[in-house]
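First up is the structure itself, then whatever we jot down about it.
A short reminder: the numbers here are calculations on the coordinates, not readings from a lab. Everything quoted here is computed from the prediction, not taken from an experiment. Positions of Cβ are generated from backbone atoms using ideal geometry, with glycine treated the same way; all protein chains shown enter the neighbour counts.
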Amino acid sequence: MAQPVTIKGGKVRVLIGNDATPIVYAALCGFTSRSITFTKGLEEVNIPDCADPDKVDWVGRDATSLSMSVSGEGVLASESVDTWLDSWHSIDSAPVKVEIDFPAKTIVYTGSMQVETLEVGAPNGQRVTLNVSMQSDGEMVRVTTPTP
């Protein structure tokens, strides 16, 4: 049996873009953990058995929407706090790029996301932490590129 090709957490990067043309993306300092969630909205419909109408229906499901969310946690870094706060204060979504870097390929999602929540934790005598939640705002475009 062959072993699977896996990667470490640092190979998943969340980058926030600026308002320059072209957009310049940067990974914000402080994240120690990231989580990417892909969600598909489903609509259910009962599908009857035409030959036996008294038989219990099976449920059919149709895809209705796609969504992507990013959550992350780590330390509150002076280098990135203004970017996070500006993104949260803004009525507009932020340009975001999510990179998943495997040895043989890189998967990149690019699009816009709203910064939904910023949670600052401040335990006495310990480092201040930051928890972030972002939600996609429209399509997140996927591009897979083989690594040379």
*Filter the cross-link list LYS11/LYS105; LYS40/LYS105; LYS11/LYS40 down to pairs whose alpha-carbon distance in this structure exceeds 18 Å.*
LYS40/LYS105; LYS11/LYS40
_Please compute the modelled spin-label separation between VAL45 and SER33, points set 7 Å along Cα→Cβ, answer in nm with one decimal._
4.2
*Order of ASP49, ASP54 from fewest to most other C-beta atoms within 10 Å?*
ASP54, ASP49
*For ASN18 and GLU99 in the same chain, what is the full-extension length gain: residue separation times 0.36 nm, less their Cα-Cα distance, in nm?*
27.5 nm
*Extreme residue, positive dipole direction of the stretch 58-138, given options GLN114, VAL59, VAL98 (C-beta unit charges)*: VAL59
*Please work out how much length the chain gains when fully extended from VAL128 to MET1, using 0.36 nm per residue of separation minus the C-alpha to C-alpha distance, in nm with one decimal.*
41.2 nm
*In the set (i) 15.6; (ii) 16.8; (iii) 18.0, which value of Kirkwood radius over Cα pairs in Å was calculated from the structure you see?*
(iii)
*In deg cm²/dmol and to the nearest 500, what is the mean residue ellipticity at 222 nm of the chain if only DSSP H runs of at least 4 residues count, each as -39500 (n - 2.57), divided by the residue total?*
-2500 deg cm²/dmol
_Nothing charged except the Cβ atoms of Lys and Arg (+1) and of Asp and Glu (-1): what's the magnitude of the dipole of the chain about its Cα centre? Round to the nearest 20 debye._
860
_Tell me whether the stretch 84-148 comes out rounded, prolate or oblate; compute the Cα gyration tensor, take square roots of the eigenvalues as a ≥ b ≥ c, and use a/c under 1.5 as the rounded threshold._
oblate
_How much length would be gained if the chain were fully extended between LYS55 and THR106, taking 0.36 nm per residue of separation minus their Cα-Cα distance, in nm to one decimal?_
13.5 nm
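Quick one: dipole size for the stretch 31-111, taken about the Cα centre, charges +1 on Lys/Arg Cβ and -1 on Asp/Glu Cβ, in debye to the nearest 20.
Dipole about the Cα centre, nearest 20: 320 debye.
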